Every structure is written in structure tokens, then in C-alpha cells.
Amino acid sequence: MKIVILVLVTLLLLLQYRLWFGRGNLMEVQRFAEIKQLQMEENQRLSERNQSLAAEVRDLKQGLEAIEEKARSEMGMIKNNETFYQIIDEPDMAADVPTDR
């Protein structure tokens, strides 16, 4: 009977050792779960970005309005017979006056 108990306790200790310190232990599983969660979040962010880029490509392929908008906003282009007005705000003169009198 003592031999059976000794064998069972030895098996229990070996299994516990593998559970806590062996390959695929609890800490390693937890670390992989965290890595998996971070990767899933990154994949979601990249998927949303890809959808946005795909929508922009569709807009550019379908019509000239999107191309015209990009040309105007990013490249500063204007159409023929258009007049371009640039309005520059003057700096506030009251802010430049020292107030320690």
C-alpha cells in the first residue's frame, strides 16, 4: 500500500512540476493569451484602416469629384477662370503690447 501511495504522490509531483514549470505551463499560456489579445486588437485597427483605404480607392475610381477634391486640398490646384483668394488673419496687436506699467 505504501508503494502505491508513493507512486501516486510522485506522479502528482511530476504533473504539478510540468503544470508550473514545464513546457506549456500556466504562465506561458497566460502570456500567449495576452499576446493573442494584442494581436487581435492590432488586426482590428489595421482592418479598419484597410476598409477606409478601400473606400477611398473606390471613390477615386468611380468619379472625378474625389480626384478634384484631392487636387484642390492637397495640391492647391484651381480650375480655369477661377480666382483664388487667400485670406491671412492679421495678428492681434493688443497681445503684443506689454502690460507691466
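Since every read-out is calculated from the coordinates, none of them should be taken as a lab result. For clarity, every value in this text was computed on a predicted model and none was experimentally measured. Using ideal geometry, Cβ is built from the backbone for each residue, glycine included, and neighbour counts are taken over all protein chains shown.
Return the pairs, sorted by first residue and then second, in which the second residue is surrounded by 12 or more Cβ atoms within 10 Å (Cβ to Cβ) and assigned to a loop (DSSP other than H, G, I, E, B), the first residue lies in segment 59-84 and is small (Gly, Ala, Ser), the beta carbons are less than 8 Å apart, and the residues are 6+ apart or on different chains. Matching pairs, first to second residue: 71/77.
Select from segment 1-56 the residues that are of a type in the set (Val, Ile, Thr) and surrounded by 11 or more Cβ atoms within 10 Å (Cβ to Cβ) and list them in ascending order.
Within segment 1-56, no residue meets the criteria.
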